[in-house]
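A.B. asks: After the structure tokens below, expect a handful of questions from me.
The values are calculated or read from the model by the stated rules, or taken from the named source; none is laboratory data. Nothing here was measured: the structure is a model prediction, and the numbers come from that model. Note that each Cβ is placed from the backbone with ideal geometry, even for glycine, and that neighbours are counted across all protein chains shown.
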Amino acid sequence: MTAPDFAISLVYIAYALAVLLTFGAILTWVERKQAAIMSDRIGANRAYVRIPFTQVKLIWLGLFHGMADGLKLLLKEDFKPLAYDKLAYALGPWLAIVPVLLVFAVVPFGGTLDPGRLFPSLAEWFGGRTYPMQIAPIDAGILIVFAFSGITIIGAMLAGWSSANKFSLLGALRAGSQLISYELVMGLTVLGIVLIFGTVNLGTIVERQSGTVLGFLPAWGIVYQPFAAVLFLIAGIAENKRIPFDLPEAESELISGYFTEYSAMKQGVFMLSEFIEIAVIGALFVTLFFGGYNLPWMNDTGFVFPGGHAVPLSHGWVVVLQLLTFLGKVFLLCSFQILVRWTLPRFRWDQLLRFAWKFLLPLAIANLVVTAVALWAQQA
Amino acid sequence: MTIDQLLVYFFGACALLGGVLMLVARHPMRVALALISCMLSLAGIYAMLGVHVVAVFQVLIYVGAVMVFMVYVIMLLDVRDPSFVRRYSRMLLPGVVLGALLAGALGISAIRLGAPVIQPGAGAAPSYLVQPFSVEFLREYWLHFELTSVLLVAAVVAAIAIIRSGRRSDG
């Protein structure tokens, strides 16, 4: 690895962390504000910053609530229960948040970056090398996503088990069985996309979505696999343990489930990982089904509209547009997940498992079989 | 020494430490955690050698599937079970002897082999990418793979037999 490669990697990692943590912070506000709008309340307008020595209060639609939350969590007493296992208790929050951040390493958040063209003064240093905008352009993309998301299950179970609290233990048991069930559904729905694009490399999958089908439709995954897209989103929300699938932390039954005994920033880490996971699931959905960083009819050189009309763009504009497109799509998906969260009531425990094994799983298998047969018929 | 080699040694040390802790730790959950860290370090070694597919399957299958179920079961155990107090079973001595023999054999073969086969940090070799790997796997090694499942069935039967005999002696 040479110095330019290393510098680019560092920039990508800083960008990804900044994006994810910002999403985590902003989504706490979006959740409140969207819920208020949906239920016709004013909502989220109590926290403010007063400009010193004046009576001017900056409310800014309640944006400071996130800051108030963060300060409160950081300054609260870090109460520790008399846990069975101090090590497992301390490891829980880490295992919950680190894999969620790591998943983003294989998600492409932009097309190909040519830093020499972007900054002509550095062209010599980069020597004409180009970089895909993805922290780890690894061949085994989707497999890595599933490998890391499997580790979060262990985090939830360790946290619940080591808290020495029956509510936590029940939450951990629920988390374990729920995540295992829905991960299976998620894997099977993704297989359809893998069959269609013929690769598990997320970068290649997004590249293959940049063309058009039937002359005008963008060649996005959702056009080929609309059914799998719905199943994937359902399984994704379930993986994130949010309403209607929030049985592991159902506050009316289990206080707050597997992280009942965590306080201060440790509890904050669980909350933050949940909000970051909203963004990560959004990013995965966008990558697999919504064409990633592609706008319709756009490629690495500019727009080519269905009529044959072309609008060329400079490299800088293309990079900025691709980054913004990806962020915009992810934000839309996050907003949709919050819409679901404030619309549906919670499942009962037996309904939740029955839904996974007797409804989603057969549908996912049917989708896979139909896709395989259709592809085979096309090739034959 | 490049950073890649350094990372290989680091992950190797972590894997060894995890393995030793797994043998020494008393509580099943600690044992499971040690095993998880050992497997993650092994995955790190594979990734540093450029065999990403093997690294991913190491995490996906061993950590994401096997260890998740183990942790799930350990969660349901009674943490005050008296059997957690004893550190080693009667098989300590034969185990140590066999372990030393295995380590010796591996060491000797490593010395005889000489130079390392894969250089760390060389990037993924083309034959280790997902597609060639899976084609090769299903063409050449499908029989070995299926035979492993027979082995697993035998292990399940053995486990049931052990539980049965244990229950009978309990009366």
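A.B. asks: Which members of region A:1-49 meet the condition of being without any contact (Cβ under 8 Å) to a residue 24 or more places away in the chain and β-branched (Val, Ile, Thr)?
C.D. replies: A:THR2, A:VAL11, A:THR22, A:ILE37, A:ILE42, A:VAL49, listed by residue number.
A.B. asks: Going through region A:197-207 one residue at a time, which ones are more than 14 Å from chain B (Cβ to nearest Cβ) and either modelled with pLDDT under 85 or surrounded by fewer than 20 Cβ atoms within 10 Å (Cβ to Cβ) (or both)?
C.D. replies: A:GLU207
A.B. asks: Looking only at region A:1-30, which residues are farther than 15 Å from A:GLY70 by Cβ, part of a helix (DSSP H, G or I) and of a type outside the set (A, V, I, L, M, F, W, C)?
C.D. replies: Of everything in region A:1-30, those that are farther than 15 Å from A:GLY70 by Cβ, part of a helix (DSSP H, G or I) and of a type outside the set (A, V, I, L, M, F, W, C) turn out to be A:PRO4, A:ASP5, A:SER9, A:TYR12, A:TYR15.
A.B. asks: Could I ask something else about it? Among the residues of region A:51-77, which ones are in contact (Cβ under 8 Å) with a residue 40 or more places away in the chain and assigned to a loop (DSSP other than H, G, I, E, B)?
C.D. replies: Those that are in contact (Cβ under 8 Å) with a residue 40 or more places away in the chain and assigned to a loop (DSSP other than H, G, I, E, B): A:LYS76, A:GLU77.
A.B. asks: Condition test on A:PRO345, is it more than 27 Å from A:GLY192 (Cβ to Cβ), loosely packed, with under 15 Cβ neighbours inside 10 Å and touching a residue at least 40 places away in the same chain (Cβ under 8 Å)?
C.D. replies: Judged against the criteria, A:PRO345 is a match.
A.B. asks: If you go through region A:278-304 one residue at a time, how many are closer than 30 Å to A:PRO120 by Cβ and not β-branched (Val, Ile, Thr)? Walk me through how you get there before you give the answer.
C.D. replies: The first filter runs over region A:278-304 and keeps only residues closer than 30 Å to A:PRO120 by Cβ, leaving A:292-295, A:297-304.
Still in the running and not β-branched (Val, Ile, Thr): A:292-295, A:297-300, A:302-303.
Residues meeting the conditions: 10.
A.B. asks: Right, something else. If you go through region A:176-186 one residue at a time, do you hit one that is more than 18 Å from the chain's Cα centre (by Cα), in a helix (DSSP H, G or I), more than 11 Å from every other protein chain (Cβ to nearest Cβ) and not acidic (Asp, Glu)?
C.D. replies: yes
A.B. asks: Where in region A:292-380 are there helices (runs of 4 or more DSSP H), lying wholly inside it, with at least 1 residues that are among the β-branched types (Val, Ile, Thr) and closer than 24 Å to A:LEU21 by Cβ?
C.D. replies: A:315-341
A.B. asks: Tally up the residues in region B:29-41 that are among the β-branched types (Val, Ile, Thr) and either surrounded by 23 or more Cβ atoms within 10 Å (Cβ to Cβ) or within 11 Å of chain A (Cβ to nearest Cβ) (or both), please.
C.D. replies: The number of residues fulfilling the criteria is 1.
A.B. asks: Hey, another quick one. For region A:98-131, give me the residue count where each residue is part of a loop (DSSP other than H, G, I, E, B), buried (at least 18 other Cβ atoms within 10 Å of the Cβ) and free of Cβ contacts under 8 Å to residues at least 40 places away in the same chain.
C.D. replies: Qualifying residue count, region A:98-131: 0.
A.B. asks: For residues that are within 7 Å of another protein chain (Cβ to nearest Cβ) and closer than 15 Å to A:ILE180 by Cβ, scanning just region B:42-64, find the one that is surrounded by the fewest Cβ atoms within 10 Å (Cβ to Cβ).
C.D. replies: Filtering region B:42-64 down to residues within 7 Å of another protein chain (Cβ to nearest Cβ) leaves B:52-53, B:56, B:59-60, B:63-64.
Right, trim to closer than 15 Å to A:ILE180 by Cβ and you get B:60, B:63-64.
Working: B:LEU60: 21, B:VAL63: 23, B:GLY64: 24.
In this case the residue turns out to be B:LEU60.
A.B. asks: Looking at region A:141-169, I want the residues that are closer than 22 Å to A:PHE285 by Cβ and more than 7 Å from every other protein chain (Cβ to nearest Cβ) and have a partner that is of a type outside the set (Ser, Thr, Tyr) and not in a helix (DSSP H, G or I) with Cβ atoms under 7 Å, at least 6 apart or on another chain. Which pairs are those?
C.D. replies: Between residues of region A:141-169 that are closer than 22 Å to A:PHE285 by Cβ and more than 7 Å from every other protein chain (Cβ to nearest Cβ) and residues that are of a type outside the set (Ser, Thr, Tyr) and not in a helix (DSSP H, G or I), the close pairs are A:GLY141/A:VAL200; A:GLY141/A:ASN201; A:ILE142/A:VAL200.
A.B. asks: Could you please find all residues in region B:65-80 being in a helix (DSSP H, G or I), facing chain A (nearest Cβ under 7 Å) and over 25 Å from B:SER134 (Cβ atoms)?
C.D. replies: Listed by number, the residues that qualify are B:VAL71, B:TYR72, B:MET75.
A.B. asks: Residue under question is A:LEU272, and the condition is that it be within 14 Å of another protein chain (Cβ to nearest Cβ), surrounded by 24 or more Cβ atoms within 10 Å (Cβ to Cβ), out of contact with any Leu (no Cβ under 7 Å at 6 or more places or on another chain) and modelled with pLDDT of 85 or more; does it hold?
C.D. replies: Taking the combined requirement at face value, the residue does not satisfy it.
A.B. asks: Applying the selection to region A:149-162, what residues are in contact with a Pro (Cβ under 6 Å, 6 or more places away or on another chain) and surrounded by 24 or more Cβ atoms within 10 Å (Cβ to Cβ)?
C.D. replies: The answer is A:THR152, and nothing else.
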